[in-house]
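Read the structure below first, then the notes.
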Amino acid sequence: MAWITLHPSLGSVALPARKESSLFPRLRAFHFLLDNETPSHNMARMSRSTARRSPYRVQVLDCALAALEILANREGECSLVDLCKEMKLHKSTVHRLAMVLEQHGLVDKNLDTGRYRLGLRLFEFGSKALAALDLRGRARPYLDRLQREFGETVFFCILDDGQVFYVEKVESQSSVRTACTVGSRAPAYCTAVGKAMLAELPDAEVNGIVRRWGLEPVTKNTITSAAKLKAELKAVRSRGYAIDDEEKEEGLRCVSAAVRGHLGKLFAAMSVSGPAFRMTKERIPKIGEGVMQAANELSAGLGYKAAPLEVVRRAAG
């Protein structure tokens, strides 16, 4: 029999013990202390710092979240030994935990190396969380402003599994305009929004995306080598915005800038797209400044506190 202690004043409840297939077979008692003094539990929302000190803790969940946080802070994959060292837990315990997380898609195991990385199920959860924040609604005023200012089609995108995913679109009123639709996907390496977002990622993550999706030519202007892409992303970081110079579709140009969240990490990207005969190379710098300004303003609205890239560049100059 296993015992669950509900509260010192309420005693314990006996439940049938689980078999050895449970996550931690040697741990037969889980203590859920609702309060130190009173038999009732206040369900009011508490701060994260208070939650960490609360006696209302579930050890298995704490361990699982700790493992996910360790993986999230790694640029590459993490070995089981590294997880054990950082979590200060026995190898068998961490292995069982990793197996359950893998079964639920929260972590992925590289079958060649045996190392772990975050799973795509977390992106699914994150996407739903973003939807709950009404991301499209937050971005829409900036997209509308860009459309009015430049008269071209404006897009708002996220990076989904190494590809560009189109979240929102504000159409140009001109008869000749971009045909891409909301909900569609595109390669990251040959689009302005994709390159703007790739430029925000660590080199190891960019390399992983390139290995997975390749650098296939789409037009004669498409970047098809890892070295050229690396140089292009360096240029994007330097000027603050990315350019698609007829790389995804002949006759189409696009200018994009990244949107960052409150921690300064990549959040999304917005762009202005149009036919090359209207989006001339002479107009690109002005459009780039406008897109970058809108992206920086939205980033600030999402809690990003760092100075805009153009301010940093001017200070450095």
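Things to note:
- Test: residue in the range 140-149 that is hydrophobic (A, V, I, L, M, F, W, C) and not in a loop (DSSP other than H, G, I, E, B): yes
- For the range 207-220, residues that are under 14 Å from Lys195 (Cβ atoms) and surrounded by 15 or more Cβ atoms within 10 Å (Cβ to Cβ) total 4.
Residues checked against (1) touching a residue at least 40 places away in the same chain (Cβ under 8 Å); (2) under 22 Å from the mean Cα position of the chain (by Cα); (3) part of a helix (DSSP H, G or I):
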site	(1), (2), (3)
Asp82	no, no, yes
Lys85	no, no, yes
Ser92	no, no, yes
Arg96	yes, no, yes
Glu102	no, yes, yes
Gly105	no, yes, no
Asp108	no, yes, no
Leu111	no, no, no
Gly114	no, no, no
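- Of the residues making up the range 246-288, those that are among the charged types (D, E, K, R) and surrounded by 16 or more Cβ atoms within 10 Å (Cβ to Cβ) are Glu246, Glu247, Lys248, Glu249, Arg253, Arg260, Arg283.
- Candidates in the range 223-245 are the residues that are β-branched (Val, Ile, Thr) and surrounded by 17 or more Cβ atoms within 10 Å (Cβ to Cβ); of these, the one that is farthest from Pro187 (Cα to Cα) is Val236.
- Qualifying residue in the range 184-197 (condition: surrounded by fewer than 20 Cβ atoms within 10 Å (Cβ to Cβ), touching a residue at least 12 places away in the same chain (Cβ under 8 Å), in a loop (DSSP other than H, G, I, E, B) and not small (Gly, Ala, Ser)): no
- From the options Leu118, Leu101, Leu83, residue that is surrounded by 11 or more Cβ atoms within 10 Å (Cβ to Cβ) and either touching a Pro at 6+ places or on another chain (Cβ under 8 Å) or over 23 Å from Asp160 (Cβ atoms) (or both): Leu83
- Test: residue in the range 186-208 that is at pLDDT below 85 and either assigned by TED's automatic domain parsing to the domain that holds Ser256 or closer than 21 Å to Lys248 by Cα (or both): no
- Among the residues of the range 224-247, the ones that are touching a Cys at 6+ places or on another chain (Cβ under 7 Å) and part of a loop (DSSP other than H, G, I, E, B) come to 1 in all.
The values are calculated or read from the model by the stated rules, or taken from the named source; none is laboratory data. Just so it is clear, the structure is predicted and the values come from calculations on it, not from any experiment. FYI the Cβ positions are ideal-geometry reconstructions off the backbone, even for glycines, and counts take in every protein chain you see.
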